[in-house]
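The values are calculated or read from the model by the stated rules, or taken from the named source; none is laboratory data. Fair warning: this is a prediction, and the values are worked out from it, not measured in the lab. With ideal geometry, Cβ positions are generated from the backbone for all residues, glycine too; neighbour counts draw on all protein chains shown. Protein only, heavy atoms only, side chains kept; ligands, DNA and RNA dropped before computing areas. Shrake-Rupley method; radii C 1.70, N 1.55, O 1.52, S 1.80 Å.
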Amino acid sequence: MLRFVTGNEGKVREAREYLPIAVEQVDYDYVEVQSDDLAVIAARGARESYRELGATEPVAVEDSGLFVDALDGFPGPYSAYVEHSLGIERVHRLVDPEDDHRASFRSVVAYAVDADAVGDSTADGTALDWHDGVTVDDGVAVATFEGTVRGEIVAPRGDGGFGYDPIFEHDGRTMAERSTEAKNAISHRGRALAKLADWLAAQE
Ligand code: ITT
């Protein structure tokens, strides 16, 4: 069983669709450190959550964001704040129609587990094909898995998904115009979760 620490039900829905293990949503408010690096934010959150929840089961935290090329990566790590303050329609309007509309969605899933459970694979490096970084501290291993998808910022379309999905178009359709399954197959979170799923399979 995996305890997914998040207040975002959309993330949990996608994780349940993707991972081969049971996913329980835990609403714990970890400290989101200020960093331009999603991996740092997610890894710190996972480590703190694992410690504070007295976890006996692995814990996952995911940090994600929309990085708009023409806005030098804005809103990036501040995507949640900007979504709730400006709203996605205004983010779309921030991109000058004459400008490049390209953008990336990025996701980092950080997975915290008792270091003994992954001892061999982290020590001899066999897991390195799947995860993008691992830190072991005080008996807790935290592995991070990254995923990115490129697309374009467009006027809102579709009523599926969540967050910025209606203004992010990939391959002719916005993310909000796809089913969860179809979005997972190409999305930043789907790609990060796929790496985690491969890694979990290799642990068995
Ligand atoms: P947590 O409780 O997990 O932190 P959150 O929604 O605050 O949930 P983040 O801090 O990772 O999540 O912020 C990510 C922001 O990017 C937030 O505004 C999301 O709505 C948006 N976002 C992330 N993934 C997305 C996706 O797949 N589709 C649309 N918007 C997404």
For the chain, longest principal axis from Cα atoms; helix 38-52 axis from its Cα atoms; angle between them, nearest 10 degrees, is 40
Once R16 and E32 are pulled to full extension, the length gained, defined as 0.36 nm per residue separation minus their Cα-Cα distance, is 3.4 nm
Result for the range 1-129: accessible area per residue, probe 1.4 angstrom, in square angstrom, of 52
Between the residues V26, L66, V113, the Cα farthest towards the positive end of the dipole of the range 1-129, that dipole coming from +1 and -1 charges on the beta-carbon of Lys, Arg, Asp and Glu, is from V26
Under the 7 Å Cα-to-Cβ spin-label approximation, A155 and A70 lie apart by a distance in nanometres of 1.5
When the chain is treated as a Gaussian network with springs between alpha carbons less than 10 Å apart, the largest mean-square fluctuation among L38, L86, L53 is found at L86
Here the gain from full extension of N8 to L86, 0.36 nm per residue of separation minus their alpha-carbon distance, amounts to 26.2 nm
The size of the Cβ-based charge dipole (Lys, Arg +1; Asp, Glu -1) of the chain about the Cα centre, to the nearest 20 debye, is 440
So the angle from the long Cα axis of helix 9-18 to the longest Cα principal axis of the chain, reported in degrees to the nearest 10, equals 60
If one builds a Gaussian network model of the chain from Cα atoms under 10 Å apart, the most fluctuating residue listed among G190, G65, G87 is G87
Note: the chain, point scatterers on Cα, Debye, no solvent; log10 I/I(0) at q = 0.08, 0.14, 0.17 Å⁻¹ equals -0.27, -0.79, -1.11
With -39,500 (n - 2.57) per DSSP H segment of 4 or more residues and division by the full residue count of the chain, the 222 nm estimate, nearest 500 deg cm²/dmol, is -9500 deg cm²/dmol
Within the set H92, H188, H84, GNM on the chain using Cα springs under 10 Å gives the largest fluctuation to H84
